[in-house]
1. Need pairs with beta-carbon distance below 9 Å; first residue within 15 Å of Arg23 (Cα to Cα) and within region 118-138, second of a type in the set (Lys, Arg); sequence gap 6+ or separate chains.
2. If you scan region 1-47, which residues turn out to be among the β-branched types (Val, Ile, Thr) and either in contact with a His (Cβ under 7 Å, 6 or more places away or on another chain) or at pLDDT below 95 (or both)?
3. Taking Ser34 as the residue in question, decide whether it is touching a Leu at 6+ places or on another chain (Cβ under 7 Å) and under 16 Å from His138 (Cβ atoms).
4. Please identify the pairs in which a residue from region 50-68 that is over 16 Å from Asn131 (Cβ atoms) has its Cβ atom under 8 Å from the Cβ atom of a residue that is modelled with pLDDT of 95 or more and among the basic types (Lys, Arg), counting only partners at least 6 apart or on another chain.
5. Can you tell me which residue within region 118-140, out of those that are surrounded by fewer than 14 Cβ atoms within 10 Å (Cβ to Cβ) and modelled with pLDDT of 95 or more, is nearest to Cys44 (Cα to Cα)?
6. For region 93-110, give me the residue count where each residue is surrounded by 13 or more Cβ atoms within 10 Å (Cβ to Cβ) and either among the small types (Gly, Ala, Ser) or more than 13 Å from Ile134 (Cα to Cα) (or both).
7. How many residues does region 98-120 contain that are closer than 17 Å to His138 by Cβ and of a type in the set (Lys, Arg)?
Amino acid sequence: MMKFGTILFIILTSQCLHAQSDREAVLKVLNDQSVCWNAGDIDCFMESYWNSDSLMFIGSNGITYGWQATMNRYKKVYPNNEAMGELIFTILEAKAIATDSYLIVGRFYLKRVIGDLDGIFTLVFNKINGNWLIISDHTG
């Protein structure tokens, strides 16, 4: 009986550690995104998004489908460092919704000379080929 208890403890502990490391990996992606944004590098920022026609970005003007269309949207709305400003994320919720999916709810704040912007966002991350990538972004 002692062996069963030990095995169960090891399994549960490893699952908790794995879940914690996934959470940390997803939050690191968001940190890396803010570093890219604050460097004025939208190409780098977009590396966190799933490079697929099925990527979905939902904003105030409706739904944009696809990685390239989302990239084009970002470059049009934020054509230079002045428009981009400094990005700060505040994470309100970060939870696993499946073994390979995470839901993130947060606030963004853009500190800009031309006028600050802020809002709330919901991101769905999937682990694809070992990488945590945003498959859906609803920002408003």
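1. Once the first residue is within 15 Å of Arg23 (Cα to Cα) and sits in region 118-138, its partners that are of a type in the set (Lys, Arg) give Trp132/Lys28; Leu133/Lys127.
2. Step one: filter region 1-47 for residues among the β-branched types (Val, Ile, Thr), giving 6-7, 10-11, 13, 26, 29, 35, 42.
Passing the criteria: Thr6, Ile7, Ile10, Ile11, Thr13.
3. Details: touching a Leu at 6+ places or on another chain (Cβ under 7 Å): yes; under 16 Å from His138 (Cβ atoms): no.
No: the conditions fail for Ser34.
4. Every condition considered, the pairs that remain are Phe57/Arg73; Gly59/Arg73; Thr64/Arg73.
5. Pass one, region 118-140, residues surrounded by fewer than 14 Cβ atoms within 10 Å (Cβ to Cβ): 118-120, 128-131, 140.
Add one more test, that the residue is modelled with pLDDT of 95 or more, and what stays is 118-120, 128-131.
Values: Asp118: 21, Gly119: 22, Ile120: 22, Ile128: 18, Asn129: 19, Gly130: 18, Asn131: 15 Å.
Residue satisfying both the conditions and the ranking: Asn131.
6. Looking only at region 93-110, we keep the residues that are surrounded by 13 or more Cβ atoms within 10 Å (Cβ to Cβ), and these are 94, 96, 101-110.
From what's left, either among the small types (Gly, Ala, Ser) or more than 13 Å from Ile134 (Cα to Cα) (or both): 94, 96, 101, 106-110.
Matching residues across region 93-110 total 8.
7. Matching residues across region 98-120 total 1.
Yes/no matrix, rows are residues, columns are (1) of a type in the set (Gly, Ala, Ser); (2) more than 13 Å from Tyr78 (Cβ to Cβ); (3) under 15 Å from the mean Cα position of the chain (by Cα); (4) not in a strand (DSSP E or B):
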residue	(1), (2), (3), (4)
Asp22	no, yes, yes, yes
Val26	no, yes, yes, yes
Asp32	no, yes, yes, yes
Val35	no, yes, yes, yes
Met46	no, no, yes, yes
Asn51	no, yes, yes, yes
Phe57	no, yes, yes, no
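The values are calculated or read from the model by the stated rules, or taken from the named source; none is laboratory data. In this text the structure is predicted, and so the values were computed from the model without any measurement. Please note: Cβ atoms are built from the backbone with ideal geometry, for glycine as well, and neighbour counts cover all protein chains shown.
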